[in-house]
Amino acid sequence: MSDAPATPAGTERRETELRVDQLRRVCDPTQLGFDTTESVEPLTRIVGQDRALRALSLGLSMTRDGFNVYASGWPGTGRTSAVTAYLRELAKSKPAPSDWCYVNNFRDPYNPRALCLPPGQGQAFKAAMGRLVGLLKQRLTLAFENDPYIRQRDAISGSFEQQRAAVFAKAAEVAQARGFVLQSTGGGMRLVPLTDGRVMTEEEFNALPEDRRRSIIGSRGTTEAEVGAILRNVHLAETQMREQRVALDKETSLAAVQPPVGELRQQFRLIKGLGAYLDEVQEEVLHNVALFRPPQEDEKPGEVAAQREAGPDPVAAFWRQFEVNLLVDNSSQTSAPVIREFNLSYGYLFGRIERDAEFGALVTDFTMLRPGVVHRANGGYLVMAIERLLANPASWDALRRTLRSGQITIEDTIERSGGVPVRSVRPQAIPARLKVVLVGTPDVYAFLSRVDPDFGELFKIKAEFDIEMERTETNIQAYAGFASALVRRESMRHLNSAAVARLVEHGSVLAGDQERLSTHFASLADLIREANEYADQAGSDVVTVEAMDRAIRERVGRSDLTQQHLSEAILRGSLLIDTAGEAVGQVNGLSVVSTGDYSFGFPSRITAAVGQGRDGVLAVDREADLDGPIHTKGVLILSGYLTQKYAHDKLLNLSANLSFEQSYTEVDGDSASSAELYALLSALAEVPVKQSLAVTGSVNQWGQVQAVGGVNLKIEGFFDLCRARGLDGTQGVIIPAANVPNLMLKEEVLQAVRDGRFHVYAVGNVDQGIRVLTGVEAGELRDGQYADGSIHFRVDGRLRQFSRESPSVPPKPRRDDRRRRARES
């Protein structure tokens, strides 16, 4: 066996330890080019979202069906505000959309007719129809009360009376010549025989001889036929009189109705469908003349009542038919509408049908149709949050149907909700000419793409809003412009250059990257507002870096109660975490704990127990159903690492248990896999690990340490614990080298590193990490052997010892085996 290389104990630590300038990328205020944001041009454009803006531009310019837009991004990135601002600018170049009215369908009142008018003409048409109704009432009343009409009506009646009198006289003459007199009864006319010039009584008739009675009866039958033929001329004359009256009424009403209707038709002659509607209006008025002309003397009450609808005021009900329901009024619009809506209930979004109670029943008509947001946005743009929309399934279903059919329909909510069907109106659909922009998260987009076949066909454009952007000089100036615009808009104090520099650095903290800036402008805006308040309390004219730092500290202080309680548990000894000394098979791992609005790094004790056996590497948390699939994968990778590293000349007879001590919730993720491997190697090599160090990083089967998330929070979490116990210059954190560009540590950590009281190490592989943790060389494999005394030499020897003694007991059943046998049984 060859000896391990004689490397000084601190060499590896010095090689992997990071300098202070690698731990945070500082923004120099003197390089910003201004003293305060008062001299900075306010930001008026959307920054960092070029990809999303290109997609928006394409989707909104496409006129074909289905090219609606899904704005994908996380809350706080300004996606909704950015989309709305972009649409409002775009809408300025688009014309105002049409007005829409609902009017009565006289042929089918339960299917109201929709009329499209140029913007602003809806009000004019509604007012014109109101004036027309008033004018028709006046003109019709005058027409049927003037002398010419009365004279013609009386002449028709007089002519009829003369004809009727002549007919009755002739009938009486014929009857008398045949020996009968014509008498009027309640049931009509009848013939009575005469005797000596007077009416024969029934007794006299019965006293006549039989042959005489038969003769009178026969004669009466013949005479009835003759008289009946004569009297039929009365019915003909009456029919002629009625026809003359109808013609006179029509002629009179037409003279009253046609001029004003014609003027209205001429006024709106360019509007499609309006001429046909006015023709129906005129026809309906002429057809119901009896409602507003005086009743004729010989007219029975039922004849007029038959033309009237039931109700307390049939005349008012008749004139109500000619009202105009101005559904959408765009008279005040100068361009296409942009509506950002939050109330996405079905009735509010797609309109509703109202009802009135009359005589114990609910009734409705076209005047009770009410528009929805979709109607008001028609011809423009509608922005909605997909999460709110999905919370209203009826609205989501109606939106898809509207976009598929290209029509906006007002439906009865009683029927849609499964209530007892009642007779209702079914208004004519309106063409849908709007662009819909849904704002949501990438998760919802992926879900809908997977489960809803219509979604991809209706929302073909995906505009992705990034949560971060490059930290370039241009974008740094955009941060300053954003701050300038915000303080001007909300009348706050301007920021000095140092405060803007801290804002930029905080943007990199939020992005978790030295080369990136967060686009979570909502969070940045709140930070500026809070810093403005602290500047006010300090009596400063501008927001200073001190106010900005205080805002950052206070934001943490409002939410770190859970972190404080956990830290106190460690300091009291309730949770066992060492920050000094050494231990075999024990490593401080680091994880991120989230409480919803706040996340922090927290150490966990990871231990490894090894022995001879055939169980391989087992995770206690996995066996107890307290781990997730990613952690399970990480543990399996450890087995792969041991195999490729030590099984080249022997079989591995190993039973190893890994445990997150005092962890009672689910463990997931692979960011602790390197710490687990270090604990395992320490236990096998029987070499102690420095407890003053904590570790994060995932590992692959070849021993390469891979980047993980939350690296800043993890470092700062362990630093806070060490500082609470007292920094002694030995404490620090080992991170993946790939995470160095992500470092944006707080000033307290930087100062401790400057003073040599805390250290941050970056390693690219397990060998580097184990050397930092133990001070012992990892060892290289040469000629089939590892360097004498190295970590790998010790591990290899221990595993070789285990392999020589084959265990007599079978491996313990693992969780998956137990589950499989349970299913089979």
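Residue count for region 273-295, restricted to those that are at pLDDT 85 or above and either of a type outside the set (Gly, Ala, Ser) or part of a helix (DSSP H, G or I) (or both): 15.
Just one of (1) open to solvent by 70 Å² or more (accessible area, probe 1.4 Å); (2) in contact with a His (Cβ under 8 Å, 6 or more places away or on another chain) fails for ARG139. It is (2).
In region 603-638, of all residues being in a helix (DSSP H, G or I) and open to solvent by 40 Å² or more (accessible area, probe 1.4 Å), the one that is modelled with the highest pLDDT corresponds to LEU636. Comparison of ALA551, ALA547, ALA535 shows that the only residue that is touching an Asp or Glu at 6+ places or on another chain (Cβ under 6 Å), farther than 30 Å from GLN691 by Cα, open to solvent by less than 40 Å² (accessible area, probe 1.4 Å) and outside the structural domain of ALA672 (by the TED database) is ALA551.
Kindly indicate whether ALA499 is in a helix (DSSP H, G or I) and either within 30 Å of GLU387 (Cα to Cα) or modelled with pLDDT of 95 or more (or both). When the stated conditions are applied, ALA499 passes them.
For region 734-766, the candidate set comprises residues that are in contact with a Ser or Thr (Cβ under 7 Å, 6 or more places away or on another chain) and open to solvent by less than 10 Å² (accessible area, probe 1.4 Å); within that set, the residue that is farthest from ASN588 (Cα to Cα) is MET744. Among the residues of region 714-762, just one is assigned to a loop (DSSP other than H, G, I, E, B), aliphatic (A, V, I, L, M) and farther than 16 Å from GLN22 by Cβ, namely LEU727. For region 672-695, the set of residues classified as under 18 Å from THR730 (Cβ atoms) and either free of Cβ contacts under 8 Å to residues at least 12 places away in the same chain or not aliphatic (A, V, I, L, M) (or both) consists of TYR678, SER682, PRO688, LYS690, GLN691, SER692, listed by residue number.
Annotation note: Cβ proximity below 7 Å between a residue of region 535-555 that is over 25 Å from GLU716 (Cβ atoms) and a residue that is part of a helix (DSSP H, G or I) and modelled with pLDDT of 95 or more (sequence gap 6+ or interchain) occurs for ALA535/ALA547; ALA538/ALA547; SER540/ALA547; VAL542/ALA535.
A quick yes/no check of all residues on (1) without any contact (Cβ under 8 Å) to a residue 24 or more places away in the chain; (2) open to solvent by 50 Å² or more (accessible area, probe 1.4 Å); (3) under 14 Å from PHE719 (Cα atoms); (4) not in a strand (DSSP E or B):
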site: GLN564; (1), (2), (3), (4): yes, yes, yes, yes
site: SER567; (1), (2), (3), (4): no, no, yes, yes
site: LEU571; (1), (2), (3), (4): no, yes, yes, yes
site: ALA580; (1), (2), (3), (4): no, yes, yes, yes
site: ASP597; (1), (2), (3), (4): no, yes, no, yes
site: PHE600; (1), (2), (3), (4): no, no, yes, no
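Do the conditions hold for ALA724, that is, is it at pLDDT 95 or above, small (Gly, Ala, Ser), assigned by the TED database to the domain that holds SER599 and closer than 27 Å to HIS565 by Cβ?
Judged against the criteria, ALA724 is not a match.
Taking each residue of region 231-247 that is in the same structural domain as SER157 (by the TED database) and free of Cβ contacts under 8 Å to residues at least 40 places away in the same chain and looking for partners that are small (Gly, Ala, Ser) and assigned to a helix (DSSP H, G or I) with beta-carbon atoms closer than 6 Å, six or more apart or interchain, yields nothing. Scanning region 21-38 for residues that are open to solvent by less than 70 Å² (accessible area, probe 1.4 Å), under 20 Å from GLU747 (Cα atoms) and aliphatic (A, V, I, L, M) turns up just one, LEU23.
With respect to GLY717, is the statement that it is open to solvent by less than 40 Å² (accessible area, probe 1.4 Å) and under 42 Å from the mean Cα position of the chain (by Cα) true? It is true that GLY717 is open to solvent by less than 40 Å² (accessible area, probe 1.4 Å) and under 42 Å from the mean Cα position of the chain (by Cα). Evaluating ILE46 against the criteria (1) of a type in the set (A, V, I, L, M, F, W, C); (2) closer than 29 Å to ARG404 by Cβ; (3) at pLDDT below 85 leaves one unmet condition, (2). For region 191-208, the candidate set comprises residues that are within 24 Å of LYS170 (Cβ to Cβ) and in contact (Cβ under 8 Å) with a residue 12 or more places away in the chain; within that set, the residue that is surrounded by the fewest Cβ atoms within 10 Å (Cβ to Cβ) is VAL199. Only one of ALA71, ALA114, ALA91, ALA55 is under 30 Å from ARG269 (Cα atoms), assigned by the TED database to the domain that holds ILE353, surrounded by 19 or more Cβ atoms within 10 Å (Cβ to Cβ) and in contact (Cβ under 8 Å) with a residue 12 or more places away in the chain. Can you tell me which? Answer to the check: ALA91.
Could you list, in sequence order, the residues of region 324-362 that are in a helix (DSSP H, G or I) and either among the polar types (S, T, N, Q) or buried (at least 21 other Cβ atoms within 10 Å of the Cβ) (or both)?
Let us first name the residues in region 324-362 that are in a helix (DSSP H, G or I), namely 346-350.
Correct list: TYR346, LEU349, PHE350.
Would you mind finding the one in ARG423, ARG433 that is within 22 Å of ARG64 (Cα to Cα) and surrounded by fewer than 16 Cβ atoms within 10 Å (Cβ to Cβ)? Step through it out loud before you land on a result.
On the way: ARG423 fails: within 22 Å of ARG64 (Cα to Cα).
Only one candidate qualifies: ARG433.
Filter region 209-225 down to the residues that are surrounded by 12 or more Cβ atoms within 10 Å (Cβ to Cβ), of a type outside the set (Lys, Arg) and either farther than 24 Å from ALA171 by Cα or touching a residue at least 24 places away in the same chain (Cβ under 8 Å) (or both) and list them by number. Result: ILE216, SER219, THR223, GLU224.
Filtering ASP526, ASP466 for residues that are open to solvent by 50 Å² or more (accessible area, probe 1.4 Å) and free of Cβ contacts under 8 Å to residues at least 12 places away in the same chain leaves a single hit, ASP526. If you go through region 112-130 and pick out every residue that is closer than 22 Å to THR334 by Cβ and hydrophobic (A, V, I, L, M, F, W, C), you end up with 5. Would you be able to say whether some residue in region 264-271 is open to solvent by 70 Å² or more (accessible area, probe 1.4 Å), under 41 Å from the mean Cα position of the chain (by Cα) and modelled with pLDDT under 90? Looking for residues that are open to solvent by 70 Å² or more (accessible area, probe 1.4 Å), under 41 Å from the mean Cα position of the chain (by Cα) and modelled with pLDDT under 90, one finds at least one in region 264-271, hence yes.
The residues of region 715-773 that are of a type in the set (Phe, Trp, Tyr) and in contact with a Phe, Trp or Tyr (Cβ under 7 Å, 6 or more places away or on another chain), listed by number, are PHE719, PHE758.
Do we find a residue being touching a residue at least 12 places away in the same chain (Cβ under 8 Å), basic (Lys, Arg) and under 30 Å from VAL328 (Cα atoms) anywhere in region 163-181? No, region 163-181 contains no residue that is touching a residue at least 12 places away in the same chain (Cβ under 8 Å), basic (Lys, Arg) and under 30 Å from VAL328 (Cα atoms). Scanning region 767-789 for residues that are touching a helix residue (DSSP H, G or I) at 6+ places or on another chain (Cβ under 9 Å) and surrounded by fewer than 18 Cβ atoms within 10 Å (Cβ to Cβ), we see that the one that is farthest from VAL587 (Cα to Cα) is GLN785. Just wondering, is there one or more residues in region 441-450 that are touching a residue at least 60 places away in the same chain (Cβ under 8 Å), in contact with a helix residue (DSSP H, G or I) (Cβ under 7 Å, 6 or more places away or on another chain), among the β-branched types (Val, Ile, Thr) and within 30 Å of ILE410 (Cβ to Cβ)? Checked region 441-450: no residue is touching a residue at least 60 places away in the same chain (Cβ under 8 Å), in contact with a helix residue (DSSP H, G or I) (Cβ under 7 Å, 6 or more places away or on another chain), among the β-branched types (Val, Ile, Thr) and within 30 Å of ILE410 (Cβ to Cβ).
The values are calculated or read from the model by the stated rules, or taken from the named source; none is laboratory data. These figures come from a predicted structure and were not determined experimentally. Note that each Cβ is placed from the backbone with ideal geometry, even for glycine, and that neighbours are counted across all protein chains shown. Quick note on the areas: whole protein, heavy atoms, side chains included, nothing else; ligands and nucleic acids left out. Shrake-Rupley method; radii C 1.70, N 1.55, O 1.52, S 1.80 Å.
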